[in-house]
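What follows is a set of notes on a single structure, which appears directly below.
The values are calculated or read from the model by the stated rules, or taken from the named source; none is laboratory data. Please read these numbers as outputs of a predicted model, since none were measured by experiment. A quick note on method: Cβ atoms are made from the backbone with ideal geometry, for glycine too, and the neighbour counts reach across all protein chains shown.
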Amino acid sequence: MIVRDAGLRSALVVRLSESFDLLTAARWDAGLAARALVRAPAVLVIDEQALVEDAFSWVELLAGDHGFARIVVITADAPANPEPQLVMQVDRETAMAGLPQIFSDLTALS
């Protein structure tokens, strides 16, 4: 989980760590996934503030390079009911409720 906003990152850790193993950071580091003991299915949660320019092209590239089962971008402009896909957007206002469901759905598939 790469979320620059410390308050949101802390709240998500509290909400998600009861059921899921987490690795958190404020910024992306290319070696982050390689150093971690990432177990499938791995989900990258990243907020739009932590992304570089042309964010969604970057996220799609990252998905191919690191093999995440899903990449969830926390954004202010997410669709109301996103369809499950490799790269999904979750609204910042509903991330606390939406992320646990996304993680659970992936866990059920493995």
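Of note:
- Among helices (runs of 4 or more DSSP H) entirely within the chain, having at least 2 residues that are modelled with pLDDT of 70 or more singles out 6-16, 95-109.
- Taking every residue in the range 68-92 that is of a type in the set (Asp, Glu) and pairing it with any residue that is modelled with pLDDT under 80 and not in a strand (DSSP E or B), at least 6 positions away or on another chain, the pairs with Cβ-Cβ distances below 6 Å are Asp91/Ala78.
- Within the range 4-23, the set of residues being within 15 Å of Met96 (Cβ to Cβ) and under 13 Å from the mean Cα position of the chain (by Cα) comprises Leu8, Arg9, Leu12, Val13, Leu16, Phe20, Leu22.
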